[in-house]
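Notes follow the structure.
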Amino acid sequence: MTDDAIDLRARHKQATREAISHAALRLAIEQGPNGLALVRVHDIASAAGVSPRTYNNYFSSREEAICAFQADQSRRAGQALRARPAGESLGEAVIAAVVELYTDPEPDKAGLRMIMSTPELEGEALKAFSVAEEALAEAIAARTGTDAERDLFPAVTAAAVAGAVRVAGRRWLAPGTTASFPDLLRDALSCVVPAGPPEG
């Protein structure tokens, strides 16, 4: 199989995954506050234009399907940081990478509210953040010349970044909030991301 064929197949699989995830989230939102319990696999598959068997090849639960977009986004955090210019300080690079990653496109408020207000979905989202922290810690270590296995700095900073993203999301959803999500996210990250590792 050629590289082009492999790349095309990977893009098709990702597009199918995203179609199922968007359908699952949309159906859950349409069902109201207890939407998760009312959505069936058959309905999700039908809305996404796939068979239930195809759905089961991609996801093992409705929670996983609904949170897939956020999970995929989070897993790209390390890659996004590695792509930043070498001349930027760690703080500048992390803030720019994370703000771009989580705000292009801007989160769907209804979808984010559904995930953050449903314990089963929030638990699934936290699993995705945990995976993202590992990749982000490795990217932070590479950028700062520290050791992701031995030094605390990369892992602690990555965990703080993940926490800041969650706090910014909750604040954005709070009644009366007028600030944009990018501004809230930038402010939250500024509270926790240092310019570089501590001396010694």
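Rounding to the nearest 20 debye, state how big the charge dipole of the chain is about its Cα centre with +1 on each Lys and Arg Cβ and -1 on each Asp and Glu Cβ.
540
Per DSSP H run of at least 4 residues, take -39500 (n - 2.57); add these up for the chain, divide by its residues and hand me the 222 nm value, nearest 500 deg cm²/dmol.
Result for the chain: -23500 deg cm²/dmol, rounded to the nearest 500.
Select from the chain the helices, each a whole stretch of DSSP H, whose alpha-carbon atoms run 15 Å or more along the helix axis and whose Kyte-Doolittle mean is at least 0.0; answer none if there are none.
Helices meeting the criterion: 90-103, 119-144, 152-173, 181-192.
For the chain, what does the alpha-carbon gyration tensor say about shape, rounded, prolate or oblate, given a ≥ b ≥ c as the root eigenvalues, a/c under 1.5 as rounded, and a/b over b/c as prolate?
oblate
Please report, in debye to the nearest 20, how large the charge dipole of the range 97-153 is about its Cα centre when each Lys and Arg carries +1 at its beta carbon and each Asp and Glu carries -1 there.
140
Suppose R0 equals 30 Å; then what is the FRET efficiency for E92 and Q14 from their Cβ-Cβ distance, rounded to the nearest 0.05?
Efficiency, rounded to the nearest 0.05: 0.50.
At 1.4 Å probe size, with the rest of the protein present, what percent of the exposed accessible area of the chain is carbon and sulfur atoms?
Whole-percent figure for carbon plus sulfur exposure: 52.
Whats the longest run of the chain with zero GluC sites (Glu not before Pro) that are DSSP loop and have at most 16 other Cβ atoms within 10 Å?
Segment 1-87 is the longest.
Excluding D104 itself, calculate the net charge of residues whose Cβ lies under 15 Å from the Cβ of D104, where each Lys or Arg counts +1 and each Asp or Glu counts -1. Don't jump to the answer; show the numbers that get you there.
On the way: positive: R76, R84, R186; negative: D72, E100, E106, D108, D183.
Taking every Cβ under 15 Å from that of D104, the sum is -2.
With no solvent and one point on each alpha carbon, what is the Debye value of log10 I(q)/I(0) for the range 1-70 at q = 0.20, 0.25, 0.27 Å⁻¹?
Treating every Cα as an identical point scatterer, log10 I(q)/I(0) equals -0.74, -1.04, -1.16.
Using a 10 angstrom cutoff on alpha carbons, build the Gaussian network for the chain and name the most mobile of A80, A37, A128.
Looking only at A80, A37, A128, the largest GNM fluctuation is found for A37.
Does the range 76-146 classify as rounded, prolate or oblate by the C-alpha gyration tensor (a ≥ b ≥ c root eigenvalues; a/c under 1.5 gives rounded; else a/b over b/c gives prolate, otherwise oblate)?
On the way: a/c = 3.73, a/b = 1.81, b/c = 2.06.
Oblate, since a/c reaches 1.5 and b/c is not below a/b.
Local charge sum around A83 (other residues, Cβ-Cβ under 10 Å, Lys/Arg +1, Asp/Glu -1)?
Working: positive: R76, R82, R84; negative: E100.
Neighbour charge sum, excluding A83 itself: +2.
Trypsin sites (Lys or Arg not before Pro), restricted to the range 115-152: which are DSSP loop and have at most 10 other Cβ atoms within 10 Å?
R150
Within 12 Å, Cβ to Cβ, of G169, how many net charges do the neighbouring residues add up to if Lys/Arg are +1 and Asp/Glu are -1?
+2
Using unit Cβ charges (K, R positive; D, E negative) and no other charged atoms, how large, in debye to the nearest 20, is the dipole of the range 46-127 about its Cα centre?
240
The values are calculated or read from the model by the stated rules, or taken from the named source; none is laboratory data. These numbers were taken from a predicted model, which means no experiment stands behind them. No Cβ is skipped: glycine too gets one built from the backbone with ideal geometry, and neighbour counts run over all protein chains shown. Ligands, DNA and RNA are stripped out before the accessible areas are found, and what is left, the full protein with its side chains, is counted by its heavy atoms. Shrake-Rupley method; radii C 1.70, N 1.55, O 1.52, S 1.80 Å.
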